[in-house]
Amino acid sequence: MSIITIELLNKIKEHYTLDWLNGTHNFKHWARVFANGQQLSEQQGVNSKVVQLFSVFHDSQRRNEHLDPGHGPRGARLALHLREYLPLTDDEFELLTIACSEHTKSRTHDVISVQACFDSDRLDLWRIGVKPDPEFLCTPMGKLPATIEAAYERSINKISENPFGIVGSQFETVVV
């Protein structure tokens, strides 16, 4: 079950300065990271809530589509700013901020939920024409050829009408 809400997406959108629908780190990328994360959350010990929220915060504070080393920590700060909308315990929230802050700096992490966050993003390298290398993925499931192939299929197909599984019919208001 998704914990992403229309209200949360609208709040994040208010703080997003790049093109919402075009570019390599946009809403569509977040939707694919979400889907990758849903698959990776099937692994024992992965906290699906952390992975879901990572998908919408990890690139939410990019200032450009290229080199932006501070975007992960800024995404973590936005999560803190919007903390009241996040149904996480303090421990889960700490994992979310670590994953956002470290997703471009760290190769891996000791906690499988953070590893799943890293993998969910790295599996979407297909969007820039790069096949994810299992050597740079963290989780057992992420390294599987079938998982990498599923991420490829997501990268070439149009995102679904409601990629975050939000209940209700207002989803289209966020996309535009």
Item to check | Global geometry of region 39-114, whether rounded, prolate or oblate, following the gyration tensor of its Cα atoms and the 1.5 cut on a/c | outcome: oblate
Item to check | Extension gain from residue 6 to residue 77, taking 0.36 nm per residue of separation minus the Cα-Cα distance | outcome: 23.6 nm
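What does the helix-only formula give at 222 nm for the chain: each DSSP H stretch with n ≥ 4 adding -39500 (n - 2.57), the total divided by the residues, and the result rounded to the nearest 500 deg cm²/dmol?
Result for the chain, helices only: -14500 deg cm²/dmol.
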Checklist outcome for this item: Using alpha-carbon positions, the gyration tensor of region 1-41 gives root eigenvalues a ≥ b ≥ c; with a/c under 1.5 called rounded, otherwise prolate if a/b exceeds b/c, else oblate, the class is oblate
Item to check | region 95-142: trypsin sites (Lys or Arg not before Pro) in DSSP loop, at most 14 other beta carbons within 10 Å | outcome: 105, 107
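Quick one: grab the alpha carbon gyration tensor of region 6-175, order the square roots of its eigenvalues as a ≥ b ≥ c, and give me rounded if a/c is under 1.5, else prolate or oblate depending on whether a/b is larger than b/c.
The shape class here is rounded.
No value in this document is a laboratory result; all are computed from the given coordinates. Model, not experiment: these values are computed from the prediction. Ideal geometry is used to build each Cβ from the backbone, glycine not excepted, and the neighbour counts take in all protein chains shown.
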